[in-house]
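**Q** Mind looking over this structure? Questions follow.
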Amino acid sequence: MSCYLRHLGGVMEKAGVTPATKEERRRVDRAVREIVGIADAKCPEVWREVKKQLQEPAGEEKLVTGLREKIGVPGNG
């Protein structure tokens, strides 16, 4: 399961995503994998790519926006 989600608390908070159940966490995991473009990779590989993208200037916003779209959370305006 998603070994890296605990590190994305701030990103998920900004996106308005609060996965409470195992199925919700799986849904967020699938969404993050789609956003970073490596859906079939193992957890450490996904986390490596997420960290890399978070270092980019618009990386966090890309994840926040992507989660809102994929999970169905309305934006902040």
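**Q** What Kirkwood hydrodynamic radius, in Å, does the chain give when the mean of 1/r is taken over all pairs of distinct Cα atoms and then inverted? Each step should come with its number before you reach the end.
**A** Numbers: mean 1/r = 0.0815 Å⁻¹.
Its Kirkwood hydrodynamic radius stands at 12.3 Å.
**Q** How high is the FRET efficiency from residue 20 to residue 62, r the C-beta distance, R0 30 Å, rounded to 0.05? Don't skip to the answer; put the middle values down first.
**A** Numbers: r = 24 Å, r/R0 = 0.82.
In this case the efficiency is close to 0.75.
**Q** Now for a different question. Rounded to a whole number, what % of the accessible area of the chain do carbon and sulfur atoms account for, probe 1.4 Å? Before the final figure, lay out the partial values.
**A** Working: 2380 of 4880 Å².
Carbon and sulfur together cover 49 percent of it.
**Q** Per-residue counts of other Cβ atoms within 10 Å, averaged by peptide: what ranking do you get for 52-63, 28-39, 4-15, highest first?
**A** On the way: 52-63: 13.5, 28-39: 17.8, 4-15: 16.2.
Descending mean neighbour count gives 28-39, 4-15, 52-63.
**Q** Could I ask something else about it? Provide the per residue accessible area, probe 1.4 Å, for the chain, rounded to a whole number of square angstrom.
**A** Working: 4880 Å² over 77 residues.
Roughly 63 Å² per residue, with all protein chains present.
The values are calculated or read from the model by the stated rules, or taken from the named source; none is laboratory data. Worth saying up front: this structure is predicted, and the values here are computed from it rather than measured. Positions of Cβ are generated from backbone atoms using ideal geometry, with glycine treated the same way; all protein chains shown enter the neighbour counts. Calculation scope for accessible area: heavy atoms of the full protein, side chains included, ligands and nucleic acids excluded. Shrake-Rupley method; radii C 1.70, N 1.55, O 1.52, S 1.80 Å.
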